[in-house]
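Working notes, beginning with the structure itself.
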Amino acid sequence: MRLRGGLPDKIPLFPLPGAILLPRMRLPLQIFEPRYLAMLEDVLKTPHRLIGMIQPRPGPEGQPQLARIGGAGRVTAFSETDDGRYMITLTGISRFRLMREVSGFAPYLSGEVSWDDFATDLAGAEEDPDFDREQFLRLLSRYFAAHDMRADWDSLREADDEMLINSLAMLSPFEPEDKQALLEAATLGERRRMLETLMEFALRGGGEEIVQ
């Protein structure tokens, strides 16, 4: 397996609707299906310990296919439960472009990937120079109230731009296609503006289903 800039050209894929992973963010997962237990066992033997989170979506004639952009994370924590499940944490490293799905002898799917379009993901935390935090938090407060969601407002006020915006992009109950658009946003500022649009749209009654 060749490495480009320390990242492999082929990684195992974990398709999961509504789940995206952005650089430097953490995603907890529960692993229990035999194919993904096998994937985790194989991943832990590699030096990079990477898993590619990617969303499935309907294709032509209803056939499922994978999104072209996903987010790769390194397994940074795992523990086993008494009934054989694993609780793992992925820490986001970089987004990737899926070039080709690869099936082989393993029971799980892998993909040949390119990292070329996402060099900024490896360059350190992003900032949003046009970010009006107080205005954003007022909108967020209205959105959370409408969805009966709670928040640690002190932590939200203290979080840096990237942590605040990317965490909300990952955790908010938007539709999978909206989550995909947030993942693919070229800059942190673009992602923040998209978040604002989605929250405003939801508050007007035209957004995603409310998760209680």
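The values are calculated or read from the model by the stated rules, or taken from the named source; none is laboratory data. Quick caveat, the model's predicted, so the values are computed rather than measured. In this analysis, Cβ positions are derived from the backbone assuming ideal geometry, glycine residues included, and neighbour counts consider all displayed protein chains.
Summed over region 71-83, residues that are touching a Phe, Trp or Tyr at 6+ places or on another chain (Cβ under 6 Å) and surrounded by 14 or more Cβ atoms within 10 Å (Cβ to Cβ) total 2. The residue that is nearest to Ser167 (Cα to Cα), among those in region 99-115 that are touching a residue at least 40 places away in the same chain (Cβ under 8 Å) and outside any strand (DSSP E or B), is Trp115.
For every residue, the table says whether it meets (1) modelled with pLDDT of 95 or more; (2) surrounded by 16 or more Cβ atoms within 10 Å (Cβ to Cβ); (3) of a type in the set (Asp, Glu).
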site	(1), (2), (3)
Pro56	no, no, no
Arg68	yes, no, no
Tyr86	no, yes, no
Thr91	yes, yes, no
Pro107	no, no, no
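Scanning region 154-168 for any residue that is of a type in the set (A, V, I, L, M), in the same structural domain as Thr197 (by TED's automatic domain parsing) and exposed (fewer than 13 other Cβ atoms within 10 Å of the Cβ) turns up nothing. Selection over region 49-92 of residues that are of a type in the set (D, E, K, R), over 26 Å from Glu112 (Cβ atoms) and not in a strand (DSSP E or B) gives a count of 3.
Filtered by the rule that a residue be part of a loop (DSSP other than H, G, I, E, B), touching a strand residue (DSSP E or B) at 6+ places or on another chain (Cβ under 7 Å) and either among the aliphatic types (A, V, I, L, M) or surrounded by fewer than 22 Cβ atoms within 10 Å (Cβ to Cβ) (or both), region 11-33 gives Leu16, Pro17, Ala19, Ile20, Leu21, Leu22, Arg24, Met25.
As a summary of the residue check, Phe118 satisfies the conditions (1) surrounded by 13 or more Cβ atoms within 10 Å (Cβ to Cβ); (2) out of contact with any Ser or Thr (no Cβ under 9 Å at 6 or more places or on another chain) except for the one numbered (2). Residue selection: Arg24 fails the criterion of being among the basic types (Lys, Arg) and either within 17 Å of Glu175 (Cβ to Cβ) or outside the structural domain of Leu90 (by TED's automatic domain parsing) (or both).
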